[in-house]
Amino acid sequence: MTKNDCIFCKIAEGKLPASKLFEDAHTLAFLDIGPIVKGHTLVIPKRHFDPLTATPPEVLQQLIVTVRRVAEAMTRSLNCDGINVMQSNGLAAGQVVTHIHFHVIPRYATDGHSWNWKAKSYANPGEMQAMAATLTAGFAAPPRIQKSWLP
């Protein structure tokens with residue numbers, strides 16, 4: 001997906017309608033048209049970035065500040081019992097629109113939604129330590145050339 005094809009870019013540019021909740025110079029928050037729970041909000045940068053690992057730190061800072069503002073507004077206005085904040089990268093992670101975005105979802109004890117998270121485990125402490133060593137090595141490795149997460 002290119003910037004010209006991006007539905008979120010078109011929303012940010014005012015070329016497509018959205019139920020906007022908050023906007024500043026850098027970010028935009030609007031209702032998701034397919035909410036997990038009513039009030040489900042998307043927070044995007046107005047400029048096109050994707051994936052997370054190619055998004056500049058200052059853009060990520062702007063996004064998380066807006067995510068917090070949305071969460072505060074949800075808590076005050078919807079009297080929700082909790083809030084989920086999600087960010088997915090790549091088709092395998094459930095990303096549909098390849099423009100970095102955060103989902104801010106109000107939650108209620110009675111909303112009926114379940115993530116169906118089935119926790120797994122490591123075979124033994126050695127396997128867990130080996131995974132930690134592999135991941136730790138990634139902090140020192142040179143960055144990979146960014147590529148599209150979708151085919």
### Stretch gain in nm, segment Asp81-Asp111, where the contour uses 0.36 nm per residue and the Cα spacing is subtracted
9.8 nm
### Task
Answer rounded, prolate or oblate for segment 3-140, using the Cα gyration tensor with square roots of eigenvalues a ≥ b ≥ c: rounded when a/c is under 1.5, else prolate when a/b is larger than b/c, else oblate.
oblate
### Message
At 7 Å along Cα-to-Cβ for each site, give me the label-to-label distance between Ile36 and Lys20 in nm.
### Response
2.6 nm
### Summary
Scalar couplings 3J(HN,Hα) for segment 27-44 by Karplus 6.51 cos²θ - 1.76 cosθ + 1.60 (θ = phi - 60°), nearest whole Hz, x for Gly and Pro, are 10, 9, 10, 8, 5, 6, 6, x, x, 5, 9, 4, x, 3, 10, 9, 10, 10
### Query
Among the lysines, which fall within straight-line cross-link reach of Lys15, defined as a Cα-Cα distance under 17 Å, with same-chain neighbours fewer than 8 residues apart omitted?
Lys3, Lys46
### Query
With springs only between Cα atoms under 10 Å, which of Ala12, Ala29, Ala109 fluctuates most in a Gaussian network model of the chain?
Ala109
### Spin-label pair Ala92/Val65, simplified geometry with 7 Å Cα→Cβ offset, distance in nm
3.5 nm
## Note on the structure
As straight-line cross-link partners of Lys10, the qualifying aspartates and glutamates (C-alpha separation under 20 Å, not fewer than 8 residues apart within one chain) are Glu23, Asp24, Asp32, Asp50
## Note on the structure
Taking N as the number of residues in segment 52-130, the ratio of its alpha carbon radius of gyration to 2.2 N^0.38 Å works out to 1.42
#### Entry: Signed unit charges on C-beta, dipole axis of the chain, positive-most listed residue Val67, Phe8, Phe139
Phe8
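Read-outs: derived from the displayed coordinates by stated rules, not from any lab. What you see is a predicted model, and the numbers here were worked out from it, not measured in a lab. Backbone-built Cβ (ideal geometry, glycine too); neighbour counts: all protein chains shown.
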